[in-house]
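Below is one structure, written out as structure tokens; the observations come after it.
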Amino acid sequence: MSARPSIAPAPDTLRAWLLEPAPASRGQARLGRWFRGWLAFRRNPLALVGLAIVVALVLMALFAPLLASADAAVHQVLEDRLQPSSWAHLFGTDELGRDIYARVVFGSRVTLTIVTLVSLIVVPVGLLIGLPAGYFAGWIDTVLMRLTDIFLAFPRLVLALAFAAALGPGIENAVIAISLTAWPPYARLARAETLTRRQAEFIQAAEMQGASHLRIIATQIVPLCLSSVIIRLTLDMAGIILTAAGLGFLGLGAQPPAAEWGAMVSTGRNVLLDQWWVATIPGLAIFVTSLGFNLLGDGLRDVAGGRG
């Protein structure tokens, strides 16, 4: 006898399984929580717009060579300089004859690289400072929070400019400069989340069972803080992008011939009145991307009940 082919569960059956009020396993409970979050998230049309913008940015960065020519983004063709929009150059050309569409597409890679690297730095640093401050309290809390207050006392953009000027131009130094100014809010958020859970019964039970402080922080507190941290990070993406664009505008970000949106706006300001597209197109890219992250972050915050 031949084996009967497996039949995929019907959508209604899968939905009922995910929404089961008494899940049979931890995995089912986790998937059900994510599915309920998605149902709440998709009821917000603006959040879906933000998600679509962010997904489009990621896809554009990943498939940039398929969407535009890398040579057109960097090669100078002076006889084609400052050309308006046409079939040959969808968004026109800049003052050096480079295709603005190609530069915007490849500039998304620079923006996404900066955002990703900054995120990978500020979240661990913020947790590393905020979690011990909230868990141990006392003089540890005082020292770590006063250090955080010192960084918070300076405007973020001004402090980033100071660090970038000291470190020198370049993407790596721009990432370091932005990270040095962006971690304090995550430290304070992690501290607040830890303080609210420090005296919880499950923490006391873990201590009575002999779990070390490091194990309690890593396995009990960090997972509970991550959702708020991720929401805050999504909301901060717009500020990170604007700061990176500001550094690029001043020549402290990615260096030529790399395509960077802030630097493109800077070079286009000299011909803004006559050839408006040179500065306007990358400016719109910055605006739309920042708007997308803000809408996505607002939607995630609403799903999480206002945390972050």
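At a glance:
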quantity	calculated
Residues of the range 161-178 satisfying the condition of being surrounded by 14 or more Cβ atoms within 10 Å (Cβ to Cβ) and on the phi > 0 side of the Ramachandran plot	170
Residue ID - surrounded by the most Cβ atoms within 10 Å (Cβ to Cβ), chosen from residues in the range 58-112 that are of a type in the set (Val, Ile, Thr) and in a helix (DSSP H, G or I)	100
Matching option when the condition is of a type outside the set (A, V, I, L, M, F, W, C) and closer than 21 Å to residue 147 by Cβ, among 223, 184	184
Test result for residue 63, without any contact (Cβ under 8 Å) to a residue 12 or more places away in the chain and of a type in the set (Phe, Trp, Tyr)	yes
Selection from the range 79-125 of residues that are within 15 Å of the chain's Cα centre (by Cα) and within 29 Å of residue 196 (Cα to Cα)	118, 119, 120, 121, 122, 123, 124
Subset tally (residues that are closer than 30 Å to residue 73 by Cβ and without any contact (Cβ under 8 Å) to a residue 40 or more places away in the chain) for the range 102-150	2
Test: residue 158 is under 21 Å from the mean Cα position of the chain (by Cα), assigned to a helix (DSSP H, G or I) and surrounded by fewer than 19 Cβ atoms within 10 Å (Cβ to Cβ)	yes
Failed condition for residue 265, given (1) under 21 Å from residue 60 (Cα atoms); (2) modelled with pLDDT under 90	(2)
Helices (runs of 4 or more DSSP H) lying entirely in the range 213-308 (those with 2 or more residues that are under 30 Å from residue 69 (Cβ atoms))	222-249, 261-268, 277-303
Matching residues, the range 262-274, being within 14 Å of residue 108 (Cα to Cα) and touching a residue at least 24 places away in the same chain (Cβ under 8 Å)	262, 264
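The rows are residues; the columns are (1) closer than 30 Å to residue 81 by Cβ; (2) surrounded by 23 or more Cβ atoms within 10 Å (Cβ to Cβ); (3) without any contact (Cβ under 8 Å) to a residue 60 or more places away in the chain; (4) among the β-branched types (Val, Ile, Thr).
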site: 184; (1), (2), (3), (4): no, yes, yes, no
site: 194; (1), (2), (3), (4): no, yes, no, yes
site: 202; (1), (2), (3), (4): no, no, yes, no
site: 235; (1), (2), (3), (4): no, no, no, no
site: 248; (1), (2), (3), (4): yes, yes, no, no
site: 255; (1), (2), (3), (4): yes, no, no, no
site: 260; (1), (2), (3), (4): yes, yes, no, no
site: 278; (1), (2), (3), (4): yes, yes, no, yes
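The values are calculated or read from the model by the stated rules, or taken from the named source; none is laboratory data. From a predicted model like this one, the values you see are computed outputs, not experimental measurements. Reconstructed Cβ throughout: ideal geometry from the backbone, glycine too, with neighbour counts over all protein chains shown.
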